[in-house]
């Protein structure tokens with residue numbers, strides 16, 4: 001098979017169009033003259049509030065160092081106590097809440 005030229009494909013027309021555009025150069029004034037509008041983005045007030053909330057959440061540390069150090073010292077001193085009833089109550093409440101929300 002031998003390929004000669006562009007075999008009737010409209011590549012030349014596309015290349016000419018691109019070259020013409022590059023030669024002319026596009027500026028904001030030309031875009032306005034030709035009726036082409038620039039893209040714009042409008043962020044709603046709700047989206048702005050979400051972005052601000054996200055920034056505030058990002059500022060909150062993932063680990064509460066004061067709480068960790070307190071628990072660590074209690075464990076090392078042997079004064080850390082586990083209240084099994086309290087843990088069981090919270091587990092049951094969470095389970096009931098999950099079932100109610102289904």
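The values are calculated or read from the model by the stated rules, or taken from the named source; none is laboratory data. Note that this is a predicted model, so its numbers are computed, not measured. Virtual Cβ from ideal backbone geometry, glycine too; neighbours counted across all protein chains shown.
Any residue in segment 77-84 that is surrounded by 10 or more Cβ atoms within 10 Å (Cβ to Cβ) and in a helix (DSSP H, G or I)? Within segment 77-84 (the criterion being surrounded by 10 or more Cβ atoms within 10 Å (Cβ to Cβ) and in a helix (DSSP H, G or I)), the answer is no, since none of the residues qualifies.
Suppose we filter 38, 47 for residues that are at pLDDT 70 or above and either surrounded by 10 or more Cβ atoms within 10 Å (Cβ to Cβ) or part of a helix (DSSP H, G or I) (or both); which single one remains? First the steps, then the outcome.
Details: 38 fails: either surrounded by 10 or more Cβ atoms within 10 Å (Cβ to Cβ) or part of a helix (DSSP H, G or I) (or both).
One residue alone meets the criteria, 47.
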